[in-house]
Amino acid sequence: MNAYSNNNEFVNGNWGRWSQWTGCTLSCGGGSRKRTRSCDSPSPQYGGLYCGGRNIQVDYCNPEPCPVNVYFVETYQYFMFLVERFQCCFISVHGNWSPWGHWGDCSVSCNSGLQKRFRTCTNPAPSQNGRYCVGPSEDTTSCNTEACPGSAQYKKAKIVSVIRCYNLQKRFRTCTNPAPSQNGRYCVGPSEDTTSCNTEACPGSDIISYFIQIFVSVNGEWEDWSSWSECSKTCDLGNRERSRTCNIALYGGQPCVGDNAQLDECYVGPCSKK
């Protein structure tokens, strides 16, 4: 069966004629030229084989030495041609940030939330071992900082706005005289002391206080734990501590439940032996 059968027999590819040689890249001093051919006489079909061999030939041309001035000019021109032609292959492109996007929705509708915006390292993106953009891809800001109706913060704000005659003073102490070490016990007793001040009654405060105790009593709330202290020892087993503060309960509210301090073991590493 010949290669052009009507029964869809496979047809192997065959090379077409070579194209004309291109011009030499240099007029002297040794340049190059090329020519190409295509596998289209005929093209492979129905699973036939692609042409064997290469589709391009490169040849040496104009090997005669150049006068000094011509050689340097044309060599430079050829170099710039290569840079422009192949810059994708060896010139690094450093990344740059795109503009910031729009702010997203707030995480909560009240009591202070967060909203975010983003940017990408695509203006341009780094390539060819270029550096990635420096700095964060995410930005955060607070939003909806107003207290939610009915929350402890809301009630406290209302109380402050109505009665400003009753206030509290605080003082603090730390378990550092000395700090516990060698598995010693943490100090016993509170780290915070509170007393009243400016106790003069405001005009009409008895009535206002009565309604506040009924409707807007505020329970005590723990604040966030502090960071852990440094380990009491620089090697082997030691102790570390952290604490938290209870916002004072107001107008019949319940005090905080739980400890205001925590003691934990810490291990930095073994002590070196002399």
Considering the range 40-57 alone, what residues qualify as being more than 15 Å from Phe10 (Cα to Cα) and surrounded by 12 or more Cβ atoms within 10 Å (Cβ to Cβ)?
Asn55, Gln57
Is it the case that some residue within the range 250-268 is in contact with a Pro (Cβ under 6 Å, 6 or more places away or on another chain) and modelled with pLDDT under 80?
no
Of all residues in the range 108-141, which are within 29 Å of Gly253 (Cα to Cα) and not hydrophobic (A, V, I, L, M, F, W, C)?
Ser109, Asn111, Ser112, Gly113
Report, ordered by the first and then the second residue, all pairs with beta carbons closer than 7 Å, sequence separation of six or more or different chains, a first member in the range 92-120 that is modelled with pLDDT under 90, and a second member that is of a type in the set (Phe, Trp, Tyr) and surrounded by fewer than 14 Cβ atoms within 10 Å (Cβ to Cβ).
Gly95/Tyr132
Being in a loop (DSSP other than H, G, I, E, B), surrounded by fewer than 15 Cβ atoms within 10 Å (Cβ to Cβ) and either among the hydroxyl-bearing types (Ser, Thr, Tyr) or modelled with pLDDT under 85 (or both) is the requirement here; does Thr145 meet it?
yes
Within the range 237-248, does at least one residue satisfy the condition of being at pLDDT 70 or above, part of a loop (DSSP other than H, G, I, E, B) and not charged (D, E, K, R)?
yes
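The values are calculated or read from the model by the stated rules, or taken from the named source; none is laboratory data. This structure is a prediction, so every number in the text was calculated from the model and none was measured. Note that we place each Cβ from the backbone using ideal geometry, even for glycine, and neighbour counts take in every protein chain shown.
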